[in-house]
Amino acid sequence: MNLIIQGEEVATPDLKALAKIARGAAIERVSESAFRITRADASSREAVAAHCARAKLDWGFVAEGRTLGDFALLAMDMDSTLISIECIDEIADFAGRKKEVAEVTAAAMRGEIDWPESLRRRVATLAGLDEAVLGRVYSERLRFSPGAERLVAAARRSGLKVLLVSGGFTYFTDRVRDRLGIDYAYSNVLVVEDGKLLGRVTGPLVDAHGKAGHLARLKRELGIPRERVLAVGDGANDLAMLAEAGTSVAYHAKPVVREKADYALDYAGLDGLLNLFPESGSSSLPRFGSGK
């Protein structure tokens, strides 16, 4: 196994300590912010996790030679994953209720309250807002998470289909889909009448079961086995979707998600996935030094 270490800043003493803990053969630089400890002992997982927690580093054991091209489908959540905001919180800001709505959003993402009920409560606060508010949130506040565009572009080059499933709204997922060239996007439909939000959604609810259902259906339709699916999310309503994937990644996620996912990125951007699973043909930077 290779042990990938990455973060905002990876200090040399931490790298050397981790190489010793994992009984690695050598340390190689993968990118400007990531390193590979080769021939690492995966039984050192707990000790590695403890050291990385103290050093604020992301880590992951990956089979040697594994690449992004080993996957056929990348499934991603949108709010606070592919993008840096929660769209519903930002819409609620125009109604003067951002703090109230954001508190409900955070509790739902932690799995503390029923997600469908939380969505109904939050959407109800939007009643009466001008539809134009959606455009302002998209143009003024929606930003991609660090590394998001690079990850999606790499997935497309490697032949993966990309699925965006969101508990948010189609107004945003459709635009993000078109902007990044994503293959599939599913979300909730806000009801608008005479240019005003009515404070409810229509159609099948894209909640935790809805997200997982869309992923399961695509796997069947495309003939993609579970082990070739890579899924990324951050909240409790992503857990069922992550369980449908052979490899799951918690991105800057709530504790309940980090505990269940195969990998966690707490400090790296989304392109940290490319340090774990590089594009085929990509090469490492020069070797850093011996790990023993």
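Quick one: length gained pulling ARG120 to ALA25 fully straight, 0.36 nm per residue minus the C-alpha distance? Let's see the in-between values first.
On the way: separation 95, 0.36 × 95 = 34.20 nm, distance 5.38 nm.
28.8 nm is the gain from fully extending ARG120 to ALA25.
By how many nm would the segment from ALA11 to THR202 lengthen if fully extended, with 0.36 nm per residue of separation less the alpha-carbon distance?
On the way: separation 191, 0.36 × 191 = 68.76 nm, distance 5.06 nm.
Extending this stretch completely gives an extra 63.7 nm.
Can you run phi through the Karplus equation (6.51, -1.76, 1.60; θ = phi - 60°) for the stretch 172-186 and list ³J(HN,Hα) in whole Hz, with x for Gly and Pro?
Result, ordered by residue: 8, 5, 5, 6, 5, 4, 5, 5, 9, x, 6, 6, 9, 9, 9 Hz.
Between [x] 157; [y] 124; [z] 196, which matches volume of the Cα convex hull per residue in Å³ calculated for the structure shown?
[y]
Got a sec to turn the phi values of the stretch 130-145 into Karplus ³J(HN,Hα) couplings, 6.51 cos²θ - 1.76 cosθ + 1.60 with θ = phi - 60°, whole Hz, x for Gly and Pro?
Whole-Hz 3J(HN,Hα) from phi for the stretch 130-145: 5, 4, 4, 4, 4, x, 5, 4, 5, 7, 9, 10, 6, 10, 6, 5.
To check you understand DSSP bridge types, tell me what percent of the beta bridges within the stretch 137-270 (both residues inside) are antiparallel, rounded to 5.
25
Cross-link partners among aspartates and glutamates for LYS219, C-alpha distance below 16 Å, same-chain residues fewer than 8 apart left out?
LYS219 reaches ASP70, ASP183, GLU227, GLU244.
Among residues other than GLY195 whose Cβ falls under 10 Å from its Cβ, what is the net charge (Lys/Arg +1, Asp/Glu -1)?
-3
Restricting to the chain, compute how many DSSP beta bridges are antiparallel as a %, nearest 5.
Values: 22 of 42 bridges.
Antiparallel bridges make up about 50 percent of those DSSP assigns within the chain.
Would you mind ranking ILE4, ILE21 by Cβ crowding within 10 Å, fewest neighbours first?
Fewest-to-most Cβ neighbours within 10 Å comes out as ILE21, ILE4.
If you take the beta carbon distance between ALA49 and ARG136 as r and set R0 to 41 Å, what does 1/(1 + (r/R0)^6) give as a FRET efficiency, to the nearest 0.05? Walk me through the numbers on the way to the answer.
Details: r = 42 Å, r/R0 = 1.03.
That gives a FRET efficiency of 0.45.
How long is the gain from ARG220 to VAL189 if the chain were fully straight, where each residue apart is worth 0.36 nm and the alpha carbon distance is subtracted? Mind dumping the intermediate values first?
Working: separation 31, 0.36 × 31 = 11.16 nm, distance 2.49 nm.
In short, 8.7 nm is gained.
Here, each number is a calculation from the coordinates, and none is a lab measurement. In this text the structure is predicted, and so the values were computed from the model without any measurement. So basically every Cβ, Gly included, is an ideal-geometry build from the backbone, and we count neighbours across all protein chains shown.
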